[in-house]
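Okay, structure first, notes after.
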Amino acid sequence: MLTLASKLKRDDGLKGSRTSATTSDSTRRVSVRDKLLVKEVAELEANLPYEGYYQGGKFQFETEVPDTYNMVPPKVKCLTRIWHPNITETGEICLSLLREHSIDGTGWAPTRTLKDVVWGLNSLFTDLLNFDDPLNIEAAEHHLRDKEDFRNKVDDYIKRYAR
């Protein structure tokens, strides 16, 4: 966030020294995008509720926000190794709002924000945890076979990778 805020200050300083004819549309678009992101990141500082299998773990996500944000969704990857039916061990995430087009109509829309992405990711650890339509089939089958052993493996991953 500090980097983004610093960039905005530098951009504003440069704009004052340029003529409006030299400022491209894409520069203005990126600047508007950056201003939206600063506002959204500031809103994310609130604490999120946390419960369930993954309680106590600290999971890091990488978010790439494209120049065409908010018309297209950000790309999000889980950097923390995790045993989860909707997140692969290599970090791919199955969350419909991260898709530009989804069959169920809950995909990305320009009205969505990074806050929606964070709440969606948080929900993957609680109420949206989906064993019926998994991305990590092995984890989902493990849960169906032996819930206690699944919980033990989740706890082991948290101890190893999510502290």
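The values are calculated or read from the model by the stated rules, or taken from the named source; none is laboratory data. Keep in mind that what you see is a predicted model, and the values were worked out from it rather than measured. Methodologically, a virtual Cβ is constructed for each residue, glycine included, from the backbone with ideal geometry; neighbour enumeration extends over all protein chains shown. The protein model used for the area step is the full one, side chains on, heavy atoms only, and it has no ligands, DNA or RNA in it. Shrake-Rupley method; radii C 1.70, N 1.55, O 1.52, S 1.80 Å.
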- Note on the structure: The simple spin-label model distance between SER96 and ALA109, using points 7 Å out along Cα→Cβ, in nm, is 1.2 nm
- Across the range 104-121, in residue order, what do the Karplus-derived ³J(HN,Hα) couplings come to in whole Hz, using 6.51 cos²θ - 1.76 cosθ + 1.60 with θ = phi - 60° and x for Gly and Pro? 7, x, 9, x, 5, 9, x, 7, 7, 10, 4, 4, 4, 5, 4, 5, x, 5
- Could the peptides 66-73, 100-107 be put in order, highest first, of the mean number of other beta-carbon atoms found within 10 Å of their residues? 66-73, 100-107
- Item | Pairwise label distance in nanometres, VAL38 with GLU89, each label 7 Å out on the Cα-Cβ vector | 4.3 nm
- With a 1.4 Å probe and every protein chain kept in, tell me what percent of the accessible surface of the range 47-163 is carbon plus sulfur. 47 percent
- Averaged per residue, what accessible area in Å² does the range 51-98 show with a 1.4 Å probe, protein chains only? 48 Å²
- Message: Take the residue pairs LYS75/LYS159; LYS39/LYS159; LYS58/LYS115; LYS115/LYS159; LYS75/LYS153 and return only those whose Cα atoms are more than 23 Å apart.
- Response: LYS75/LYS159; LYS39/LYS159; LYS115/LYS159; LYS75/LYS153
